[in-house]
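Okay, structure first, notes after.
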Amino acid sequence: MHYQPTLVTRGFYEVAKKTIPEAFSEPRYARFLDHLLFSRFLDEDSGYTVSPESLLADMEDMGHKLRGKSRNYNRATKFPREFEEATGLTLLDAPYNFKKHRASAYDLTNLPNILQEALKVELLHPPIDEYQGVYLESGESWSDSAEEKLRRQFIAAKEQYMARSVNRPDIDYLNLSSRRSTFLQRGYKERKSAAREAINRIPDPEKRASAIINLNKIVTFEPFYQDSYNSQRIYTSGVSLQNFSSTVREAILKPSKNYDLKAAQLAIMATHWDVVEIQDLVHSGEVWVRLCHSLKLPLNLKDSVKRLVYSTAFGMTEVNLAIRYGQVLGQLTSGADSSNTSAKTIQYYSDELWENKYLGALLKGRKQAMKRLQDTKQAVDAQGQVFRASDFRSDWESGKKLRTMMAFEMQSREKWLMEPIIKLAQENEEKMLITLWLHDGVYIHYHKTDRSQKLEREMLRRVNQRAKEAGYLTTLELVAKAS
């Protein structure tokens with residue numbers, strides 16, 4: 001993960017520098033403050049900001065020590081403490097399961113009130129474009145030359161990662177093909193302008209502002225793919241197109257076509273956990289309609305219901321699931337957590353979840369899966385490879401190890417279903433390009449549109465045949481363009 005500076009309003013920068021001048025005494029401290037204030041990479045258990053070793057090294061201009069072969073950066077715990085001593089700010093920390101445990105999650109506890117209030121405003125009203133922003137780390141205004149410098153740094157970081165051996169041929173291919181691609185390099189300003197137009201049409205002001213902040217961080221639409229410890233998924237480094245809605249991605253990547261593995265995680269859970277109710281739900285072809293109806297929620301809240309379901313699959317604690325359910329219903333605020341929500345309220349929403357026909361069955365299946373993992377102390381990936389509990393760097397006491405192992409099994413099967421797409425792209429490099437990988441979806445650019453239908457049919461056939469043979473009730477489908 002690499003550091004991406006945030007563009008803020010001049011007013012916010014001046015408030016931050018005036019209230020915590022020590023945080024701007026060295027660039028590395030300003031970068032860490034930037035990350036703590038604006039990153040949305042949060043630990044679901046604690047709500048703290050995840051700070052991987054690779055990111056901290058990048059903030060200290062030592063990223064090369066991790067991306068090279070020696071990996072001799074050893075300041076992942078020292079640097080945050082130096083930040084505390086220099087700034088007078090206090091950090092709460094919690095271990096985070098990432099890259100062989102080389103990460104912690106941090107939360108600022110004594111941010112000055114005036115800065116807290118300014119931050120609330122900034123998160124809703126960021127600079128609407130680059131020309132109105134300054135970089136929080138330096139106070140310097142945006143410029144073409146500053147962005148070009150950041151772009152060169154991004155490419156250097158990606159190429160250093162590519163030079164390492166990570167034993168992931170799929171990631172190697174995706175990084176190499178995107179690095180060579182002229183499609184992803186051309187029309188950058190036009191693509192960014194199209195993205196802003198799409199963002200401006202987002203009705204929710206918080207989501208719109210968050211998308212603007214993320215877009216202001218991006219200096220290239222070329223993905224930088226990385227491996228992630230405890231998961232076979234393919235992630236992008238930092239803020240990327242993976243973080244945007246489909247309408248924004250479509251505006252940037254057109255004329256790429258978007259394909260989605262329909263209700264993939266539900267289909268995998270239904271089969272892998274043998275949950276009959278979910279099998280029937282997926283087979284109906286009306287997954288989100290029926291789920292929303294069962295929760296007495298309108299269909300326009302489908303995305304919120306999806307996050308609730310996927311949080312179940314990926315091991316969110318029952319306490320946090322209950323709180324998220326209350327938030328989906330609109331009865332708990334977005335800031336609700338276990339520290340400010342009563343045990344009685346949490347129990348109420350937990351009972352409601354268990355009583356729901358579909359989510360109750362899903363929770364029952366999850367409980368049985370966790371018991372199996374607890375008893376066998378091993379997880380099995382999609383190809384039958386066994387991973388011992390000791391391979392997962394998280395603790396038993398909190399239940400996090402079990403939840404990590406469970407998510408690993410789900411994500412392994414999702415990745416296995418999608419693998420034929422990479423194989424087909426490798427076989428047809430002169431005809432097609434994977435412009436963005438999305439775990440259970442993908443964007444494809446066909447170099448010659450007259451050949452796209454044949455390639456598309458073959459891609460769908462390979463993925464859907466694999467799903468059918470494995471008994472997963474899902475199919476890869478072309479996503480209709482947003483109106």
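The values are calculated or read from the model by the stated rules, or taken from the named source; none is laboratory data. Please read these numbers as outputs of a predicted model, since none were measured by experiment. Here the Cβ is made from the backbone with ideal geometry for all residues, glycine too, and neighbour counts use every protein chain on show. Accessible surface areas use protein heavy atoms only, side chains included; no ligands, DNA or RNA. Shrake-Rupley method; radii C 1.70, N 1.55, O 1.52, S 1.80 Å.
Summary of computed values
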item	result
Condition check for Arg67: farther than 28 Å from Trp396 by Cα, among the charged types (D, E, K, R), at pLDDT below 85 and surrounded by 19 or more Cβ atoms within 10 Å (Cβ to Cβ)	yes
Long-range neighbours under 6 Å by Cβ, at least six apart or interchain, first residue closer than 17 Å to Phe24 by Cα within segment 56-70, second assigned to a helix (DSSP H, G or I) and modelled with pLDDT of 70 or more	Leu56/Phe79; Met59/Arg28; Met59/Arg31; Met59/Phe32; Glu60/Arg28
Members of segment 377-392 found to be within 15 Å of Ala407 (Cα to Cα) and either touching a Cys at 6+ places or on another chain (Cβ under 8 Å) or not aromatic (Phe, Trp, Tyr) (or both), listed by number	Lys377, Gln378, Ala379, Val380, Asp381, Ala382, Val386, Arg388, Ala389, Asp391
Strands (runs of 3 or more DSSP E) wholly inside segment 207-310 containing at least 1 residues that are at pLDDT below 90	225-228, 231-236
Strands (runs of 3 or more DSSP E) (entirely within segment 351-459) containing at least 1 residues that are basic (Lys, Arg)	386-388
Enumeration of residues in segment 195-206 that are open to solvent by 30 Å² or more (accessible area, probe 1.4 Å) and either assigned to a helix (DSSP H, G or I) or among the charged types (D, E, K, R) (or both)	Arg196, Glu197, Asn200, Arg201, Asp204, Pro205, Glu206
Conditions (1) more than 17 Å from Thr220 (Cα to Cα); (2) assigned to a helix (DSSP H, G or I); (3) within 21 Å of the chain's Cα centre (by Cα): number failed by Val166	(2)
In segment 108-130, the residues that are open to solvent by 60 Å² or more (accessible area, probe 1.4 Å) and farther than 17 Å from Ile199 by Cα	Thr109, Asn110, Asn113, Ile114, Gln116, Glu117, Lys120, Val121
Condition met for Gly360 (open to solvent by 40 Å² or more (accessible area, probe 1.4 Å) and at pLDDT below 95)	no
Checklist (1) touching a helix residue (DSSP H, G or I) at 6+ places or on another chain (Cβ under 7 Å); (2) open to solvent by less than 40 Å² (accessible area, probe 1.4 Å) applied to Met162, failing item	(2)
Tally of residues being open to solvent by less than 50 Å² (accessible area, probe 1.4 Å), of a type in the set (D, E, K, R) and out of contact with any His (no Cβ under 8 Å at 6 or more places or on another chain) across segment 392-428	3
Members of segment 138-152 that are open to solvent by less than 90 Å² (accessible area, probe 1.4 Å) and either assigned to a helix (DSSP H, G or I) or within 15 Å of Thr9 (Cβ to Cβ) (or both)	Ser138, Gly139, Ser141, Trp142, Asp144, Ser145, Ala146, Glu147, Glu148, Leu150, Arg151
So Met316, is it over 21 Å from the mean Cα position of the chain (by Cα) and surrounded by 16 or more Cβ atoms within 10 Å (Cβ to Cβ)	no
Boolean, Tyr229 is more than 30 Å from Ala361 (Cβ to Cβ), touching a strand residue (DSSP E or B) at 6+ places or on another chain (Cβ under 9 Å) and of a type outside the set (A, V, I, L, M)	no
Thr341 open to solvent by less than 30 Å² (accessible area, probe 1.4 Å), at pLDDT below 95 and hydroxyl-bearing (Ser, Thr, Tyr)	yes
Pairs with Cβ under 6 Å, 6+ apart, first in segment 113-140 and among the acidic types (Asp, Glu), second part of a loop (DSSP other than H, G, I, E, B)	Glu130/Trp142; Glu137/Pro5
Count of segment 161-176 residues which are of a type in the set (S, T, N, Q) and at pLDDT below 90	2
Any hit, segment 271-291, residues being free of Cβ contacts under 8 Å to residues at least 24 places away in the same chain and of a type in the set (Lys, Arg)	no
Qualifying residue in segment 66-87 (condition: in contact with a strand residue (DSSP E or B) (Cβ under 7 Å, 6 or more places away or on another chain), under 22 Å from Ile114 (Cα atoms) and among the hydroxyl-bearing types (Ser, Thr, Tyr))	no
Residue in segment 169-182 that is farther than 30 Å from Ser334 by Cβ and of a type in the set (Lys, Arg) present	yes
Whichever residue in segment 48-64 is open to solvent by 40 Å² or more (accessible area, probe 1.4 Å) and farther than 19 Å from Leu136 by Cα and, among such residues, is modelled with the highest pLDDT	Tyr48
Some residue of segment 295-302 being closer than 17 Å to Ala267 by Cα and over 26 Å from the mean Cα position of the chain (by Cα)	no
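Matching residues to (1) at pLDDT below 90; (2) over 26 Å from Phe314 (Cα atoms); (3) touching an Asp or Glu at 6+ places or on another chain (Cβ under 6 Å):
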position	(1), (2), (3)
Val15	no, yes, no
Ser39	no, no, no
Phe83	no, yes, no
Leu92	yes, no, yes
